[in-house]
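The structure under discussion appears below in the form of structure tokens.
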Amino acid sequence: MSLDRPSTALADNVDQADDSTVAARALERRTRAHARTHAVRASGLVAALAVLAACAVVSIAVGAKAIPLSTVWGALWGPDGSYEHSVIYELRLPRTVLGVFVGAALGLAGALMQALTRNPLAEPGILGVNQGAAAAVVIAVSVFGFTAPDQYVWFAFAGAGATALLVYALGSRGRSGATPVRLALAGTAVAALLQGLIYSVVVLDSFTFDRIRFWQVGALAGRDLDAFLAIWPFMAIGLATALLLGPALNAVALGDDLASALGARIGVTRAVTALGVVLLCGAATATAGPIWFVGLIVPHVARAAVGPDQRWVLPYSAVFAAILLTCADILGRVVLPSGELEVGIVTAFIGAPVFIALVRARKMAQV
């Protein structure tokens, strides 16, 4: 017996050493796998940014009037006041900048709303938030005579916030609570009501009609850089806030009880996310009018590319949405033999079939 005890202890030590070695190797493999995954996602994001840069170049170069690339390049580096340089510098460059930033804002707003409500149908347009901002802007133009974005942007924020609260209150009534379809139906009903209000105002008020007839269908054309300069601080705060919310929204995805047990501040996360949505939707709508479906489509594409991790879904949604809106604007310029389609109409043609497919899907994408 006395001779067996050292042998047994030695065997136990050897087994423990083997277990530690196996665990260390497994941990090393997982660490390497995580590093490879992050490297692939980072490379994909860089590639998406390169595609966005290419789309921006095409947006500046392509339009109803054919202009040689050498002239486009010269206009960017030193406009000489000629007609071609004026078209590039005063028309195409501003709408390209607006397309990138408005698209990023709408994509991020959609991703935030889907993550916060865990609703795959959440989107600023479908939930009526953009329409609320638009109705407030129309009232600002009709009642107060405001015609510049820096004048009515606060109305857009107020309209977006009030509509979000109203839709959530309506969609969460009843025992089943705020289900995805109930929220979508409540948002659609509120958006239809607000659209009726907008139509009533513009029909009765020719002054308002003349100033918002293109804006109300979602348009990037006819805006100069002053429009962007008026709203960029709000949009920058909204973009930065949204991109920093990734870890907190990952905790929200675990459910309120588990997230609270892990130390997450659920109430603060929801309040900051709602503030980010209002800033992004209000600034985007004040600049380009109500644009539908961008915030619905893009987060689904981003999750298909990088999975449910919000730290990656949010930046991917911003870049993908900017690409989508820029490409939609380019398509709207060239699809007709004469004239243009507003970008809001093009995104509606693209997004409506996707929305129907999502509603009819037996199993919606997990958020």
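The values are calculated or read from the model by the stated rules, or taken from the named source; none is laboratory data. Because the structure is predicted, anything quoted here is derived from the model rather than measured. With ideal geometry, Cβ positions are generated from the backbone for all residues, glycine too; neighbour counts draw on all protein chains shown. Just so you know, the surface numbers come from the protein's heavy atoms only, side chains and all, with ligands and any DNA or RNA stripped out. Shrake-Rupley method; radii C 1.70, N 1.55, O 1.52, S 1.80 Å.
Structure summary
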{"item": "From the options Asp257, Asp224, residue that is over 20 Å from Ala162 (Cα atoms), in contact with a Leu (Cβ under 9 Å, 6 or more places away or on another chain) and open to solvent by 50 Å² or more (accessible area, probe 1.4 Å)", "result": "Asp224"}
{"item": "Top-ranked residue in the stretch 191-221 [being under 30 Å from Gly171 (Cα atoms) and of a type in the set (Ser, Thr, Tyr); ranked as most open to solvent (accessible area, probe 1.4 Å)]", "result": "Tyr199"}
{"item": "Answer residue from the stretch 32-70, given it is assigned to a helix (DSSP H, G or I), open to solvent by 80 Å² or more (accessible area, probe 1.4 Å) and free of Cβ contacts under 8 Å to residues at least 40 places away in the same chain and is farthest from Val313 (Cα to Cα) among those", "result": "Ser70"}
{"item": "Single residue of the stretch 144-195 satisfying the filter (of a type in the set (S, T, N, Q) and at pLDDT 85 or above) that is nearest to Ser206 (Cα to Cα)", "result": "Gln195"}
{"item": "Residue list for the stretch 317-339, restricted to those being open to solvent by less than 10 Å² (accessible area, probe 1.4 Å) and either touching a Lys or Arg at 6+ places or on another chain (Cβ under 7 Å) or within 22 Å of Thr117 (Cβ to Cβ) (or both)", "result": "Ser317, Ala321, Asp329"}
{"item": "Test: Ile88 is buried (at least 18 other Cβ atoms within 10 Å of the Cβ), more than 30 Å from Val201 (Cβ to Cβ) and of a type in the set (A, V, I, L, M)", "result": "yes"}
{"item": "Scan of the stretch 71-89 for residues that are in a helix (DSSP H, G or I) and either under 29 Å from Leu314 (Cα atoms) or touching a His at 6+ places or on another chain (Cβ under 8 Å) (or both), ordered by number", "result": "Thr71, Gly74, Ala75"}
{"item": "For Val367: the one exception among (1) modelled with pLDDT under 85; (2) β-branched (Val, Ile, Thr); (3) assigned to a helix (DSSP H, G or I); (4) within 18 Å of the chain's Cα centre (by Cα)", "result": "(3)"}
{"item": "Residue count, the stretch 268-313 (criterion: without any contact (Cβ under 8 Å) to a residue 60 or more places away in the chain, among the small types (Gly, Ala, Ser) and closer than 26 Å to Gln131 by Cα)", "result": "1"}
{"item": "Any hit, the stretch 350-364, residues being among the charged types (D, E, K, R), open to solvent by 30 Å² or more (accessible area, probe 1.4 Å), within 17 Å of the chain's Cα centre (by Cα) and more than 23 Å from Ile212 (Cα to Cα)", "result": "no"}
{"item": "Residue satisfying condition, being under 30 Å from Val277 (Cβ atoms), part of a helix (DSSP H, G or I) and either among the charged types (D, E, K, R) or modelled with pLDDT under 85 (or both), within set Arg95, Arg25", "result": "Arg95"}
{"item": "Criterion (part of a loop (DSSP other than H, G, I, E, B), over 30 Å from Thr147 (Cα atoms) and under 18 Å from the mean Cα position of the chain (by Cα)) met by exactly one of Pro315, Pro299, Pro308, Pro290", "result": "Pro308"}
{"item": "From Ala42, Ala48, Ala17, Ala66, residue being of a type in the set (A, V, I, L, M, F, W, C) and at pLDDT below 80", "result": "Ala17"}
{"item": "The listed residue being over 16 Å from Gln114 (Cβ atoms) and of a type in the set (A, V, I, L, M, F, W, C), out of Leu249, Leu258", "result": "Leu258"}
{"item": "Condition check for Gly263: open to solvent by 30 Å² or more (accessible area, probe 1.4 Å) and in a loop (DSSP other than H, G, I, E, B)", "result": "yes"}
{"item": "When residues of the stretch 100-136 are limited to those that are of a type in the set (Val, Ile, Thr) and at pLDDT 90 or above, the one farthest from Ala227 (Cα to Cα)", "result": "Val100"}
{"item": "Considering residues of the stretch 91-112 that are open to solvent by 20 Å² or more (accessible area, probe 1.4 Å) and of a type in the set (A, V, I, L, M) only, the residue nearest to Leu243 (Cα to Cα)", "result": "Val100"}
